[in-house]
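Bear in mind that the values in this text are calculations on the coordinates, not laboratory data. Just so it is clear, the structure is predicted and the values come from calculations on it, not from any experiment. Heads up, the Cβs are rebuilt from the backbone with ideal geometry, glycines too, and the neighbour counts pull from every protein chain shown.
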Amino acid sequence: MMKRSEISEFEIEEKDFKLRLSRKNGDTQIIQAAAPVAAAPIAAAAPAAPAAPATAAAPAEEQGVSVVKSPMVGTFYTAASPESPVFTKVGAKVGADSIVCIIEAMKVMNEIQAELSGTITEVLVENGEAVEYGQPLFKVKTA
């Protein structure tokens, strides 16, 4: 990928993870890679999937209640803009194709659909909060 885009160096750093790639003499080399001990190995051409949230953070299973989970890592927004009305709120009925929120990932606004029908019983994330892959966003009472 670095050869095709003519990038000579790439570095990414997060809390306890740092990766630096450098291309010298036409060959790509990993100069420094430090990851948490529990992290999965890094794939050469695909990003590693983030770990699922701890079960303690997941809402308890309830009869007739399903959870809409985040399909990606990003920033959760309840509306398209600060001036726009929210997509959904507690008590609102949603269908499988209803837009319930936006998750911003890498400056791209991704509309998230409910993918089930029912009534929103709880919003589990605050507007503007960072979310992880698989993190519960809404509780929906299905009939």
Per 0.36 nm of contour for each residue apart, how much would the distance between residue 15 and residue 108 grow if the chain were fully extended, relative to their Cα-Cα spacing?
31.2 nm
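Please find the FRET efficiency linking residue 96 to residue 122, where r is the Cβ-Cβ separation and R0 is fixed at 25 Å, and quote it to the nearest 0.05.
Using R0 = 25 Å, I get an efficiency of 0.85.
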For segment 115-130, Karplus-derived ³J(HN,Hα) couplings (6.51, -1.76, 1.60; θ = phi - 60°; whole Hz; x for glycine and proline) come out as 6, 7, 10, x, 10, 5, 9, 7, 9, 9, 10, 7, 4, x, 7, 6
5 angstrom amide H check on residue 133, placed H, neighbours 5+ away
73
Residues whose built amide H sits under 5 Å from the amide H of residue 92, excluding neighbours closer than 5 in sequence, are 120
Take the cross-link list 15/89; 89/141; 18/139 and give me the ones stretching past 24 Å between alpha-carbons.
15/89; 18/139
Debye, to nearest 20: dipole size of segment 82-127, +1 on Lys, Arg Cβ, -1 on Asp, Glu Cβ
80
Residues with amide H under 5 Å of residue 138's amide H, sequence separation 5 or more or different chain, H placed in the peptide plane at 1.01 Å from N; which?
68, 124
